[in-house]
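Peer 1: I am attaching a structure below and will ask some questions about it afterwards.
The values are calculated or read from the model by the stated rules, or taken from the named source; none is laboratory data. It should be emphasised that the depicted structure is a prediction, and the values quoted were computed from it without experimental measurement. Note that we place each Cβ from the backbone using ideal geometry, even for glycine, and neighbour counts take in every protein chain shown. Please note that ligands, DNA and RNA were not included when accessible areas were found on the heavy atoms of the full protein model with its side chains. Shrake-Rupley method; radii C 1.70, N 1.55, O 1.52, S 1.80 Å.
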Amino acid sequence: MDHFHYRDRSLFCEDVAVRELADNYGTPLYVYSKATLLHHLSEIQRAFAPVQPLICYSVKTNGNIHLCRLMAQAGAGFDVTSGGELYRAITAGGVGDRIVYAGVGKTNVELRYALDTGVFLFNVESEGELHALAAVAQKVGRPASVALRVNPDLPPKTHTKTDTSVKGVKFGLDIDTILDVARTVVGNPHVHVIGLHMHLGSPILSAEPYRAGIEKGLVLIERLREQGHPIRVLNMGGGFGIHYRKQEALPATAFAAEILPGVQKSGCKLVLEPGRFIVGNAGILVSRVIYTKDSGGKHFIIQDAAMNDLIRPTLYDSFHRIWAVEPPASVPVQPADYEVEIPGTRKADVVGPVCESGDFLAKDRHLPALMRGDLLATFSAGAYGMAMSSNYNSRPRAAEVLVDGNKHQLIRRRETYADLVRPEIEV
Ligand code: LLP
């Protein structure tokens, strides 16, 4: 469910016309719906309520501190993957004992920062990290709580660039050697291994991998306990998929059905690290058509959002629904299926101004005839949209707006040309 809908052929976010936002704040513009954001968090909270989990919003997905603050206020902790994300989480009101920290390359400076912050768990991904953490913890004089991150070696389940639990990727400890690594810190006073962590990949559209992952996890938990590690936390990561094309994603209850029995059997506290499920469908990217042109047998819609604003189509060939903010009467107000021939449309590539042939938001998409100045909405852009944006081609980053009912608030101003060069001038 989301709160983007058409009223009289005009797209609204909650009770605000998207045209009004575009006119007010300019384009390209990220627009978020507070009700949608909170709805999706509560869907997970309700589905997993029987085990009272710690739900750690994954900051990498969308780190805007206003959105993170809403997460904290609604009871979420944070999953961070760098010192910078930890800083964001704290700035947004996050507290250490509700923060988990994953990542294959934590530096000593970051380990120290996280220890000083009192993070709940370090999700440790290598033997080297485990011993570096022990050394830093000894120096600081405060032991670190650790969940060993296992790569459970499951069959492929999502895009190769974002599948984190197949053999041979850089993430986690190899399931075949994790117990050897764990043995090296039995009784170590500086690192307390109290948890097991896995993040299977993202986005995942089936609950089966969670069943398979937890099955392997339960065996490991037993073995780790036999070694003397008092395992009391099971962190199943994030990865729950969302609706990008139509209604293809599972409800949170479907994942809970596979995860809860295993958690109950393990006697562990459950931690989850969802990102996309919470914020993905809570955001759209609004852009304005600059030109249209026909070339080489193709029709191009050149609009002002580009791969620097939303890189997912370029990087993963991802599909995002795109439609006119004010569709003409000759087309359906909102197609049920964007991947079939739609009456009144023609095929077009939706591209941006960046100097790369790989700069596109969509290819061969059925869209109404559009003119210079028309507005487009790219849906399901709340996750890994702004978070992965860049200044490539010296394009100032887009503004972000949060809508709450009939109110709207700028939560990140549009960057200026001066912003682009400021760090170079300040050296
Ligand atoms: N926990 C860990 C350890 C992760 O690595 C990730 C995502 C998450 C949680 C959150 O996963 P989510 O619930 O959002 O699926 N840029 C890609 C996705 C990369 C995911 C990276 N890790 C994309 O745009 O599809």
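Peer 1: Could you do me a favour and compute the accessible area per residue for region 151-259, 1.4 Å probe, result in Å²?
Peer 2: Here the per-residue accessible area is 42 Å².
Peer 1: Okay, moving on. What Kirkwood Rh does region 34-278 have if only Cα atoms enter the pairwise 1/r average? Answer in Å.
Peer 2: Computed over Cα pairs of region 34-278, the Kirkwood hydrodynamic radius comes out at 17.8 Å.
Peer 1: Given a 1.4 angstrom probe, what's the average accessible area per residue across region 348-418, in square angstrom?
Peer 2: Working: 2990 Å² over 71 residues.
On a per-residue basis, region 348-418 sits at 42 Å².
Peer 1: So what's the net charge close to Leu115: Lys and Arg +1, Asp and Glu -1, counting the other residues with Cβ under 10 Å from its Cβ?
Peer 2: +1
Peer 1: Round to a whole number: what % of the accessible area of the chain belongs to carbon and sulfur, probe 1.4 Å?
Peer 2: 53 percent
Peer 1: Next up: Send over a whole-number figure in Å² for the accessible area per residue of region 39-96, probe 1.4 Å. Don't skip to the answer; put the middle values down first.
Peer 2: On the way: 1990 Å² over 58 residues.
Spelled out: the 1.4 Å probe surface of region 39-96, per residue, equals 34 Å².
Peer 1: Just round it to a whole percent: the fraction of Cα-Cα distances in the chain exceeding 42 Å.
Peer 2: Percent of Cα pairs beyond 42 Å in the chain: 18.
Peer 1: I would also like to ask the following. Hey, what D do you get for region 148-307 in µm²/s if you plug the Kirkwood alpha-carbon radius into Stokes-Einstein at 25 °C and 0.890 mPa s?
Peer 2: Answer, rounded: 136 µm²/s.
Peer 1: Sum up the lysine pairs in region 67-208 that clear both bars: alpha-carbon distance under 17 Å and a spacing of 8 or more or different chains.
Peer 2: 5
Peer 1: Around Ala362, which amide H atoms from residues at least 5 apart in sequence, or from another chain, sit under 5 Å from its own amide H, with H modelled in the peptide plane?
Peer 2: Result for Ala362 returns Val350.
Peer 1: From the gyration tensor of the Cα coordinates in region 293-361, what semi-axes in whole Å does the equivalent ellipsoid have, largest first, with each one equal to sqrt(5λ)?
Peer 2: Over the Cα atoms of region 293-361, the ellipsoid semi-axes are 22, 14, 11 Å.
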